[in-house]
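What follows is one structure encoded as structure tokens, with my remarks underneath.
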Amino acid sequence: VDLNWTQGIQIYNMRTVLQNSRFHVAKWAEIAREHDAGRPIAHLFRKLFTGFRAVTDYPAVAWWREIQEIYPDAKVIHTSRPVDDWYNSSVDTVFAFLNYANSYDLQPLIALQERYEGKAGAVQVEFDPKAKDKQKHVQAWADFMQQSVWDRLFGKGVDPTLATERERVKEAFREHERQVREAHAKNDNFLDFKMADGWAPLCKLLRWRCPSQEPFPFRNHKREFFEASLKPMIDM
């Protein structure tokens, strides 16, 4: 779902990271280092989220406990979906980008995009496989995802792109959902949300007037994901 319908509120998500990846990857790496060393990180999160009113998506989802400790009165919307739907979607989107970042081979990513947009619709880019500086930075993004997201969600060193890790990753997804629900069992600012629920529960939680004629703004279908994310990833 596209949270940008929320009356112009600035939202921090993975698109924010990709649009200025060198800056944001470095900041998340600093957060992970300081956390692992047992040092305070609240000031780092506050600085990173300056100007934003909401946080969603990777990498923040892997740090939900720490973020909520900093913002204890925040409203929490937990979007839920069947585990197989989530896994299959991830394979064709974020996991595919991670494979590119680790291999620096663009062709499988373009081939995947062509499945959804057709050959004529695929992003056309100038790509220099010998650009060592770019390759180093793309690998830094993959390292950041492993250390700041996958290690925390799935276990140290677990590569969610591997078919051999499928069941471990799916079980970690179930456990993540269980922990989130358990932690918010008595939280009136918590919404366990499914896309099919539409506007009503969101507007009730946020105390906003529901749009009467506007359709619910589904986003991040695979085609839109590629349109919004492929070129920023390649242009890192």
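Each reported figure results from applying straightforward, stated rules to the coordinates on display, with no laboratory input. The structure displayed is predicted, hence computed values, not measured ones.
Taking amide hydrogens as modeled 1.01 Å from N in the peptide plane, which residues meet the under 5 Å criterion relative to Phe193, leaving out close sequence neighbours?
Placed amide hydrogens put His78, Thr79, Ser80 under 5 Å from Phe193.
Of the listed pairs Lys47/Lys204; Lys75/Lys204; Lys27/Lys194, which have alpha-carbon separations greater than 20 Å here?
Going by Cα-Cα distance, Lys47/Lys204; Lys27/Lys194 fall outside the 20 Å limit.
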